Amino acid sequence: QVQLVESGGGSVQPGGSLRLSCAASGSIDSVNVMGWYRQAPGKERDLVAYMTSGGVRTYTDSVKGRFTISRDNAKNTASLQMNSLKPEDTAVYYCNYKSVVAGFYWGQGTQVTVSS
């Protein structure tokens with residue numbers, strides 16, 4: 001079992017910044033992927049970014065150049081720095097952990113609202 005605790009959501013004006021954090025605990029494997037997905041009202045949950053334990057980063061096209069994912073493998077944490085936020089970034093953001101051994105886990109979600 002893996003537990004994920006997220007923090008850092010909130011409300012911001014367009015062009016602003018927020019930083020999301022996710023702390024993983026439990027049966028953490030040395031080889032894993034941590035990332036962020038988001039779900040806007042009435043839409044499916046979509047990938048935002050992920051980063052492997054080996055340091056490879058992947059972003060969805062709409063956030064490239066604006067969002068940065070980072071990790072601290074020693075602390076089992078992942079962060080998402082979100083800059084130049086747009087109203088279309090408004091969604092519930094979910095931390096995700098996956099590994100071959102432990103499986104696939106979600107955090108509880110944190111709301112991000114971008115509005116003037």
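Bear in mind these aren't lab numbers, they're just calculated from the coordinates by the rules spelled out. Note that the structure is a prediction, hence the values are computed from the model and not measured. A quick note on method: Cβ atoms are made from the backbone with ideal geometry, for glycine too, and the neighbour counts reach across all protein chains shown.
Summing Lys, Arg as +1 and Asp, Glu as -1, what charge do residues with Cβ under 11 Å from the Cβ of Tyr50 carry, Tyr50 excluded? Write out the running numbers ahead of the final one.
Values: positive: Arg57, Arg71, Lys98; negative: none.
Here the charged neighbours net out to +3.
Modelled spin-label separation between Lys98 and Lys86, with each label point placed 7 Å from Cα along the Cα-to-Cβ direction: 2.5 nm.
What does the net charge come to around Gln1 if you take all other residues with beta carbon closer than 15 Å to its beta carbon, with K and R at +1 and D and E at -1?
0
Using only the Cα atoms of the chain, what semi-axes does the equivalent ellipsoid have when each is the square root of 5 times a gyration tensor eigenvalue? Give whole Å, largest first. Don't skip to the answer; put the middle values down first.
On the way: eigenvalues 114, 38, 30 Å².
In descending order the semi-axes read 24, 14, 12 Å.
Straight-line cross-link reach from Lys86 at under 15 Å between alpha-carbon atoms covers these aspartates and glutamates, not counting any fewer than eight positions away in the same chain: Asp61. For region 43-99, the residue among Thr90, Ala49, Ser62 whose Cα projects farthest onto the positive side of the dipole built from Cβ charges is Ala49. In this simple spin-label approximation, Ser115 and Val5 carry label points 7 Å from Cα along the Cα→Cβ vector, and these lie 2.9 nm apart. Whole-Hz Karplus values for region 31-47 come out as 10, 7, 10, 10, x, 10, 10, 9, 9, 8, x, x, 10, 7, 7, 10, 5 Hz, taken residue by residue from phi with 6.51 cos²θ - 1.76 cosθ + 1.60 and θ = phi - 60°; glycine and proline positions read x.
Placing +1 on each Lys and Arg Cβ and -1 on each Asp and Glu Cβ, with no other charges, gives the chain a dipole about its Cα centre of roughly 140 debye.
Projected label points at Ser30 and Lys43, each 7 Å from Cα along the beta carbon direction, are separated by 3.9 nanometres.
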